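The values are calculated or read from the model by the stated rules, or taken from the named source; none is laboratory data. Since the model is a prediction, treat every value here as computed from it, not as a measurement. Methodologically, a virtual Cβ is constructed for each residue, glycine included, from the backbone with ideal geometry; neighbour enumeration extends over all protein chains shown. Note: areas computed on protein heavy atoms with side chains; ligands, DNA, RNA excluded. Shrake-Rupley method; radii C 1.70, N 1.55, O 1.52, S 1.80 Å.
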Amino acid sequence: MRHAHIAGVAHAVPDRIVTNRDLEKLMDTSHEWIVARTGIEERHWVEEGEGTSDLACRASREALNRAGVAPEDIDLVVVGSLTSDYFFPGVGNQLQDLLGLRTVPSFDIKAACSAFIYALSIGDQFIRTGQADTALIVGAEVQSTALNLSTEGRDMSVLFGDGAGAVVLRATEEDRGILSTHLHSQGKYLKELWCEAPASRFHPRLSVDMLEAGRQYPKMNGREVFRHAVNRFPEVIEEALQANDLTLDDVQLVIPHQANLRISQMVAKKLGLGMDRVFSNIHKYGNTTGASIPIALSEALAEGKIADGDLIILAAFGSGFTWASAAIRW
Ligand code: COA
């Protein structure tokens, strides 16, 4: 049956590295606290003027190169991102121009940390139905410019990083590629992890009063997010396995969204899976939201952790709440 396989993967991060020690100079925090609670040692943050589309473009060009696909062959662009350069339009539209693509459909999916799997699923559906033969699927974020870098914002600002990852999907009839995707959402928890402004509910969307009250900064109830994440990750991984009549023994590598090392460790424990089969690079990048899974996939490939024929599971959980998984035969 016609479906999508991943023909090329690449990632890009800003040059600037911000260590935990650097953050100690900005707020009352410590390298030891951050490593113990999250596993994060450093992250990459953009320089002034660098946008999500710049990172997305770099990752996309390299993914096209690795796939051996020319820009004119792309039929669809889907970008998973919360942080488009501008309020509108989205990064997808910018990529269409920056990469010199035909006037193909291009749009953004705002599903927070699950956005890359949502975008991958959309690309797979376009390919399964014959609407596209080749799709560019991107996860790209600049979170650093949204953060409150004072002590008041420390619970959030130590967690997040910037980056982008891109994959090129191509149609195949072969017995490999994306086997299935599983997407979920539960909006009643939206205020557990959200950013209120700028908001179309208000006129103007962002006022001096709102800025003074800090309503432009993302907010999170960390414990509540943690509690849901450690249940939803195993649940959605099991869902992907059951849909394909597989068990964890068939899986070579789980690539979870890089939210927090402690979440990944607890998920691995719940599933009875060794950490050698759960990919982690959060120590280098922090949580890059929609970009974390394609960055991790790109690094897992570069490190030789995925071979032809391997079964890999992608899984994510984040703001919305949204959660998702994908089963892929490499
Ligand atoms: N540095 C130092 N101390 C900090 C801090 C920081 N960056 N951030 C918070 N603290 C303090 C708190 O103020 C609190 O102090 P108090 O006890 O004096 O009140 C203490 O550390 C404990 O805070 P708490 O929020 O209860 O810590 P926690 O154990 O829940 O860990 C998270 C906080 C954010 C690491 C944790 O809740 C978490 O990982 N949640 C999931 C987050 C996540 O992955 N989100 C993205 C999902 S996609």
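Assorted remarks:
- Length-normalised contact order for the stretch 71-172 - Cα pairs under 8 Å, 6+ apart - percent: 31
- Put Trp330, Trp194, Trp323 in order of accessible area, highest first, and with a 1.4 Å probe you get Trp194, Trp330, Trp323.
- Cα-based reach from Lys191 at 25 Å (exclusive), listing lysines while leaving out same-chain residues under 8 positions away: Lys110, Lys219
- For the stretch 1-96, accessible area per residue (1.4 Å probe, heavy atoms of protein chains only), Å²: 46
- The listed residues Met156, Met1, Met220, Met275 rank as Met1, Met275, Met220, Met156 when sorted by accessible area, largest first, using a 1.4 Å probe.
- For the stretch 222-267 and the stretch 142-198, distance of Cα centres in Å: 16
- The chain: calculated mean residue ellipticity at 222 nm from DSSP helix runs of at least 4, using -39500 (n - 2.57): -9500 deg cm²/dmol
- Mean Cα-pair separation over length for the stretch 179-329, i.e. relative contact order, pairs under 8 Å, 6 or more apart, %: 37
- The calculated FRET efficiency for Phe88 paired with Arg37, based on their beta-carbon distance and R0 = 30 Å, is about 0.25.
- Taken about its Cα centre, the chain carries a charge dipole of about 720 debye when Lys and Arg each add +1 at the Cβ and Asp and Glu each add -1 at the Cβ.
- Dipole magnitude of the stretch 181-224, debye to nearest 20 (Cβ charges: Lys/Arg +1, Asp/Glu -1, about Cα centre): 120
- Rounded, prolate or oblate (a/c below 1.5 giving rounded, otherwise prolate when a/b exceeds b/c) for the stretch 3-174 by Cα gyration tensor: prolate
- q = 0.10, 0.14, 0.16 Å⁻¹: log10 I(q)/I(0) that the Debye formula gives for the chain, counting C-alpha atoms only: -0.53, -1.07, -1.40
- Dipole magnitude for the stretch 3-174: computed about the Cα centre from +1 point charges on Lys and Arg Cβ and -1 point charges on Asp and Glu Cβ, it is near 240 debye.
- Shape call, the stretch 179-329: gyration tensor on alpha carbons, a/c limit 1.5: prolate
- Between the residues Pro198, Ser144, Gly177, the greatest Cα displacement towards the positive end of the dipole of the chain, with unit charges on the Cβ of Lys, Arg, Asp and Glu, is found for Pro198.
- Over the chain, Cα pairs under 8 Å with separation of 6+ residues give a relative contact order of 26 percent.
- Net charge, Ala115 excluded, C-beta distance under 12 Å - Lys, Arg +1, Asp, Glu -1: -1
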